[in-house]
Amino acid sequence: MTHPRVAILYPSYYTPASETDIPDCFASLEKVTYPKDAWQIYCIENPSKHGSSAPMIERDWLPKVGDTLPTVEILKRKEDAGFTGANIDGALAALEWGADYIYLLNQDTVVEPDFLERIIADAQACPEAAVVQSRIMLKQDPERLNTQGNVLHFLGFGYSDGYKQTVEEAQGDPMPMFYPSGAGVLMSLKAFKRLGLFDWDYYMYHEDVEMGWRARLAGYDVRYCEDSVIAHNYQFSKSVTKFYWMERNRHLTNLSYYRWRTLMLLLPAMLVMELGTFLFALKSGWWK
C-alpha cells in the first residue's frame, strides 16, 4: 500500500520556552506510526534576539533520523518573516520534495502517534476539503479543548470553539466552523497549488482566518477531524505587538473579503466596536 507523502511544517522561533517545547514535540514525533519513508519534517527557523533553536535540533534530534525520526531538514531564514513566511517557505520546500499534503504544526505542541493516519484518511475521504484541522487539546490540561474548529464573528474577530471545554461538553453545542487553527492543520498540495497558503502581508495572527475565507470563496470545504489529536501549549497573552497585528489583520481581512455593500451595512456596528477597541488601547497605553 502506498501512503501519501506528508511534509510537517514546523516553524521555530527561539525563546526560553523552546528548551521545553521543542524536545516535547520531537519526543512525540518519534512515536508517530505513519511510515517514515512517507513523511518528513521541515524546521523553518526565524531569527530571534533570544538565540537559535537549530543547534539543539541538530545536536539532539538529527542523529535520530532514520531510526525514530524521518528525514528532518532545517531551513534558516535570514530575516524574521513570522509564522506566515516560515510556513510559506516550508510549503515551497515540500512542493519540491513531492509532498501530497502539508501539515502545519506549532512548535509548542505534542502529537498523538496516529494523528497523521487519522487526518490523512479524513482528507482522502473528503477531497473537496482544502484544509482539515486536527482536534487540538490544551497541553496544560489534556482533558480540555484548545479548539474544535474556529469561528468568525461578523466584525472579523476569530475565536476557538470549545475552548476549555471537555470534548463531550463541546459536542453538545458546536458552532459552525469557519476556519482552521494554524497550530495543527493539514492542506492538500492540490489546494496549495491553486490557492497558495498564507498571504505574505499578514506576518502573524489572522493568517488562518484569511486562508480559510479564501478557500471557502474558491468553493472548497474546511473540515475538522476529531480523531486526529494533538495538544497545544496555548495561553492567551496580551501585548502591544499582538494587539497591533490582530487589529491590523482583522481590518485587512474585512476590507479584502467583504463587499462594499456589506461594509456599509456593518458600518454602524463597526464604528461602535472601533470606539471600544480604541478606548481599550488608550486605557492600556497601546493606542499609538
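So that you can scan it fast, the table gives a plain yes or no per residue for (1) within 20 Å of residue 10 (Cβ to Cβ); (2) open to solvent by 20 Å² or more (accessible area, probe 1.4 Å):
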| residue | (1), (2) |
| --- | --- |
| 102 | yes, no |
| 109 | yes, no |
| 121 | no, yes |
| 133 | yes, no |
| 146 | yes, no |
| 150 | no, no |
| 177 | no, yes |
| 181 | yes, no |
Practice item. Output the number of residues of segment 202-225 satisfying the condition of being open to solvent by 60 Å² or more (accessible area, probe 1.4 Å) and either under 24 Å from residue 79 (Cβ atoms) or in contact with a Ser or Thr (Cβ under 9 Å, 6 or more places away or on another chain) (or both). Key: 1
Practice item. Look at residue 125 and say whether it is surrounded by fewer than 18 Cβ atoms within 10 Å (Cβ to Cβ) and either farther than 16 Å from residue 182 by Cβ or in contact with a strand residue (DSSP E or B) (Cβ under 8 Å, 6 or more places away or on another chain) (or both). Key: yes
Revision key, fill the gap. The correct count of residues that are open to solvent by less than 20 Å² (accessible area, probe 1.4 Å) and without any contact (Cβ under 8 Å) to a residue 60 or more places away in the chain in segment 35-60 is 12
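Between 199, 173, which is surrounded by fewer than 22 Cβ atoms within 10 Å (Cβ to Cβ), in contact with a Ser or Thr (Cβ under 8 Å, 6 or more places away or on another chain) and of a type in the set (Asp, Glu)?
It is 199.
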Study note, to complete from the structure: By residue number, the members of segment 130-164 that are more than 16 Å from the chain's Cα centre (by Cα) and within 26 Å of residue 192 (Cβ to Cβ) are 156
Practice item. Please state which of the following conditions residue 246 fails to meet, knowing it meets all the rest: (1) over 23 Å from residue 163 (Cβ atoms); (2) modelled with pLDDT under 90; (3) aliphatic (A, V, I, L, M). Key: (1)
Practice item. For segment 245-283, enumerate the residues that are more than 28 Å from the chain's Cα centre (by Cα) and in contact (Cβ under 8 Å) with a residue 40 or more places away in the chain. Key: 266, 269
Review point. Residue check, residue 2 against (1) of a type outside the set (Lys, Arg); (2) open to solvent by less than 20 Å² (accessible area, probe 1.4 Å); (3) more than 23 Å from residue 139 (Cβ to Cβ), all met but one. Which one?
Key: (2)
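The values are calculated or read from the model by the stated rules, or taken from the named source; none is laboratory data. Source: prediction; values computed, not measured. Positions of Cβ are backbone-derived with ideal geometry, glycine not excepted, and every protein chain shown enters the neighbour counts. Heads up: the accessible areas ignore ligands, DNA and RNA and are worked out on the full protein's heavy atoms, side chains in. Shrake-Rupley method; radii C 1.70, N 1.55, O 1.52, S 1.80 Å.
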